[in-house]
1. If you take every DSSP beta bridge fully contained in the range C:10-277, what fraction is antiparallel? Give it as a percent rounded to 5.
2. Hey, how much of the P(r) for the range E:19-66 falls beyond 12 Å, as a percent of Cα pairs?
3. How large is the charge dipole for the range B:10-277, taken about the Cα centre, if only the Cβ atoms of Lys, Arg (+1) and Asp, Glu (-1) carry charge, to the nearest 20 debye?
4. Using the 10 angstrom Cβ neighbour count as an exposure proxy, how do C:LYS194, D:LYS222 rank, fewest first?
5. What trypsin sites (Lys or Arg not before Pro) in the range E:23-78 are in a loop by DSSP, with at most 10 other Cβ atoms within 10 Å of the Cβ?
6. Summarise the partner chain shielding of B:116-122 as one whole number: the mean count of Cβ atoms from other chains within 10 Å of each residue's Cβ.
7. With the convex hull built on the Cα atoms of the protein assembly as shown, state its orientation-averaged projected area in nm².
8. Have a look at the range C:10-277 and give its Rg and Dmax from the Cα atoms, expressed in angstrom.
Amino acid sequence: MTLRQANAPAGMMRRLGRLFDSQTGVSIIVAMDHGIVGVPGGFHDPRRILEAVLGARPDGVLLNAGLARRCADLLADRTSPALVLGLDHVIHRAQRGVGAGVAHVPQVSVEEAVRLGADCVKTMLLMGDPDRRAMAENLAYLADAAAHCRLWEMPLMVEPYLWGEDVPADPDARAELNADGARIAIEMGADILKLEYGGNPARFREIVAQSPVPVVILGGPKRPNQRETLANVIAAAQAGAVGLTIGRNVWQDEDPVKMTRALRVAMLRQDLDAAVAELA
Amino acid sequence: MTLRQANAPAGMMRRLGRLFDSQTGVSIIVAMDHGIVGVPGGFHDPRRILEAVLGARPDGVLLNAGLARRCADLLADRTSPALVLGLDHVIHRAQRGVGAGVAHVPQVSVEEAVRLGADCVKTMLLMGDPDRRAMAENLAYLADAAAHCRLWEMPLMVEPYLWGEDVPADPDARAELNADGARIAIEMGADILKLEYGGNPARFREIVAQSPVPVVILGGPKRPNQRETLANVIAAAQAGAVGLTIGRNVWQDEDPVKMTRALRVAMLRQDLDAAVAELA
Amino acid sequence: MTLRQANAPAGMMRRLGRLFDSQTGVSIIVAMDHGIVGVPGGFHDPRRILEAVLGARPDGVLLNAGLARRCADLLADRTSPALVLGLDHVIHRAQRGVGAGVAHVPQVSVEEAVRLGADCVKTMLLMGDPDRRAMAENLAYLADAAAHCRLWEMPLMVEPYLWGEDVPADPDARAELNADGARIAIEMGADILKLEYGGNPARFREIVAQSPVPVVILGGPKRPNQRETLANVIAAAQAGAVGLTIGRNVWQDEDPVKMTRALRVAMLRQDLDAAVAELA
Amino acid sequence: MTLRQANAPAGMMRRLGRLFDSQTGVSIIVAMDHGIVGVPGGFHDPRRILEAVLGARPDGVLLNAGLARRCADLLADRTSPALVLGLDHVIHRAQRGVGAGVAHVPQVSVEEAVRLGADCVKTMLLMGDPDRRAMAENLAYLADAAAHCRLWEMPLMVEPYLWGEDVPADPDARAELNADGARIAIEMGADILKLEYGGNPARFREIVAQSPVPVVILGGPKRPNQRETLANVIAAAQAGAVGLTIGRNVWQDEDPVKMTRALRVAMLRQDLDAAVAELA
Amino acid sequence: MTLRQANAPAGMMRRLGRLFDSQTGVSIIVAMDHGIVGVPGGFHDPRRILEAVLGARPDGVLLNAGLARRCADLLADRTSPALVLGLDHVIHRAQRGVGAGVAHVPQVSVEEAVRLGADCVKTMLLMGDPDRRAMAENLAYLADAAAHCRLWEMPLMVEPYLWGEDVPADPDARAELNADGARIAIEMGADILKLEYGGNPARFREIVAQSPVPVVILGGPKRPNQRETLANVIAAAQAGAVGLTIGRNVWQDEDPVKMTRALRVAMLRQDLDAAVAELA
């Protein structure tokens, strides 16, 4: 029994067991929830992209409920990846998620996720909004979602989301805000943390070591080259991350299947050359 | 997408997809719910038996909630078989399920099955009880379970259970009662029928052909030899059954793993020699 | 983390941790719930008896809700024994629990036990009643209590109670009925089994070994001498029991404090002379 | 029976009895709920800190639900300190609880605290917010929590929290606002008051003397030296406080175990030299 | 604070405080609930009788809900006696309560008693019915009433009622059955016992001494002379009874006011001559 299952009730144990690979303890989750703010580049035909990604056999996919319902037939197999369902999202200042975040929007209830057969739900923890009442509303929403997750034995992934005008530009200060977000999420009842890996391995290692729940990293915007993405994943894995939730760097890639395989090699073997070799 | 998934809402499609093998459309389910009436022969140590059965990679296991919770760690893997949870059971006239059934007992709610991450629930439809009020209570219970299953998009397997003093001894009359049970279950909202195959291929073929939902057969008591069990499965498969829920003929067997493999071959290839060869 | 806490949600883990001694994993529970059928010998003044028993520092006391409320001040200390609350009881053919059991009576809800700060609840599983509908009602009651226990993370102790005309006189057949009761309780969701130790060490060892939950033994009627009681406890402990729920053999004893100490020594050291020495 | 137990229903009496030491009537509670606003200095690894603090055998620990669930195995012993669960928290103007409070956020329900086996719950009473609607919402929340506490016989600790722009700078005026908060909490149904001791012994003695429920003091920010902290505790104890809920001055200390012991000596013996001697 | 109020929640304390005289701790309750089996002698005009009885200023009156509603105007004064409401009654073999009891009938819910402003409710515990299922139903009813009383903080008076064919004729055996009834009532949650005083002072003294709740005696049939009634009350008071619920011996008396005064003197001063002097 690994850390992720200690103290877990049976239903949570079963759901977590579908999300994390039992051989390696790792989870490669492809995020395809970006359509909630419009049509991102490379994600024009969501069903076709999902089919392509499934060919790479990720451990999980992150979707919004509408698309998950429409594509349920693609996810209806015992070997299908786990379904991580987004419960909420963030509205930004400009269209298509551009600019600082300005509002938090609930999408679906935990009960809807349960009905759909989701294996995990994901929610946002807003860090850095100067409008502290917005943060209070977000925390109240998160507390309620956590209570429902406990009731249904549904794993809760929380993503501390550094947005808004109070987010510091200084990388170290930003890393501290990230650490604050991780701690708040744990206190509120997160079962999995989805964190940005900001490039400071020592600080990130501390955050992971001090977390009683597993940490997966988020992918962030498409990077100029795959090697950089893979190196970043290796650094995070070396610092203790046991998974990643990555989107644009996969489905904006020329070959999502090869890129997913490369990410898995990066995560597991933490060897950049071996990971890059998967792209050939 | 096979017949069984047409018109299915997304959550049901996902759960059914874990129960029926996507390559073959078939489901080999090992029933281990017999402990609810005591300790049956060969089922003394439930956890060890479950571990042995899992080695044969069945498509599903049928358990009661207490044991499923205690053994959740054995079922917490993406490759684990689907979990079919018994919602109710029958009390018989004598200890250990001996004699005619005399009462129907609810065990757990559909919501508890959902919480536990079950992929299907199973309930009993009592046929043949001279006490018609008992039948009415059973039908009211079944209707309520079906409503909750629809709400949660949880597949409902119904087993018409021929018990009591009004069950005819004549095989043909019994086959008609079986057909009646199948139809009542369909009208009430069953998603899967669990039927006895009584040895009349023509009548059983009609029942299956006239059912808009898939049919799996039940195993019944341990037969004197494996060949007979396998021949019976082949006959049912030839008549249209797409799965089986079999217990005592598996875990009372000397080698449950080989027997499970033989059952799968019987179901898929419908070739007795090929199936028997798996036992060697 | 011992077996008893695997897969346990946090609230259950905390309550079980108050019932079983953390150093030894053993629980000596003094049952004082006998007043529900009248005034048993030696239990005339329940409050005074409870005070005497507390002096022996048992791990738990088994009480009915009325007395537990009246004596809450005696149980309101961090070092107080865990409170095991009886949820139901059995009516026998004659006054004061004499003769075969003839009816099962619910007393208080799980919610009331939660409110009172109980650490465990106990319910009866009736085995051997020729009136099978009474058994069905009892099972339905037990299923409902188990569901509420899961909701509140309250440990459920189930006592298979061999009563009524269908209970065999033959010790081996009785041992099998005991084993059946243990299995049914597990399937229904028991967290702890309270079993009679019938004097067949080999069969009892099997029952314990095959149980995924801990087993405590019941004390039964006052035995003619203490040595016999202690020898019986040692035999059960050697067969795997991790606790006992014992009443009349404690508070009908001349010195309940010494007898409780002797029982603990018997359970832990499994040495009859050492246990008897505590009585001096 | 001490004051704290008069008129208490049985469940509340049992829970209070776990929180206040029965020999001394005093409760030393270590607060470790600060992570709800981020990672405070000295509280980086919450599980390790909790383990260290438990070594000092406090009477209680104050935690948020997420961390309490994750660390339930550390709190699952009959000798574990009582669990005081935070039901809500306050959002401040700046990150990490810096600046005036600007919003009140519910975290978990009383029912969740009950389920988790908490012995007491704590909630905030906001005093001094110029936004009187925010105060009205807080009071409505508190009234609801108090009603649920009465239903479940769960002790309610209320902390009048002097925040916002209407809090006077003048110490005497601040002491009056503190007294107002204490009275409002009592009128709303508090079972325990958590108050700041502002350095005015005469006024504080009046507040305590006029309170029908026990008063514990809060610790506040880390003080420059331990002697000052201990002197403050002694003054409060001399004025009638029967406990303290102290965090940063314990786990930001070099040796939390020694500091906890010193605090207990300060509280009980009200002798500064004796308390300081514990730090050696 | 007397014994009867220890551990009592506030609502119960207030209601009990209206039932028992605060100066003396005693309660003289006049029972006028006999009309539920017809028109008993001397109770032809219930309203007039009630008015007469009120003139004697009893501490309480025992009524059924119908009459209590009709006569509420007579009971709507701060100096009115406490209202004890009968929740149920017993049907006897013959009209007007003649012959052995044969059935137990619920009348009104605890909620109705609350609505009516009752200060206490009374229910029957049937002892001695050979039909043990009837006893089981009665106990289930009593358990439910006790749960509702705890919820509403309503004092519950339980009257063990020795009826039916299993009630022994031997006075000592009858006293033991009375003791059994008292214990069962306590275990079920009675706040006050209403017991018959059978003439054995030593045994009755034990029952009272071993009861954690106050005991009042019932009056029974009209005795041939008042002196005998008063002597009986004095004996019970000397054995520890703190009140009486007496009907026919009051309102079948020539002068209910004088008789009530005599009963109070008997109860308080335990001096037969002084009591008899009140009748002059």
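1. Working: 6 of 35 bridges.
Close to 15 percent.
2. Working: 731 of 1128 pairs.
Considering the range E:19-66, 65 percent of its Cα-Cα pairs are separated by more than 12 Å.
3. 620
4. Going from least to most buried by this count: D:LYS222, C:LYS194.
5. Values: sites: E:ARG47, E:ARG48, E:ARG69, E:ARG70, E:ARG78; in loops: E:ARG78.
The qualifying sites are E:ARG78.
6. Numbers: counts 10, 14, 2, 3, 0, 0, 0.
The per-residue average across the peptide is 4.
7. On the way: hull surface 230.8 nm².
So the mean shadow area of the Cα hull is 57.7 nm².
8. 17.1, 49
Values quoted throughout were computed directly from the atomic coordinates according to the rules given, and no laboratory measurement underlies them. Note that the coordinates shown come from a computational prediction; the quantities given were computed from them, not determined experimentally. Cβ coordinates were reconstructed from backbone atoms using ideal geometry, including for glycine residues, and neighbour counts include every protein chain displayed.
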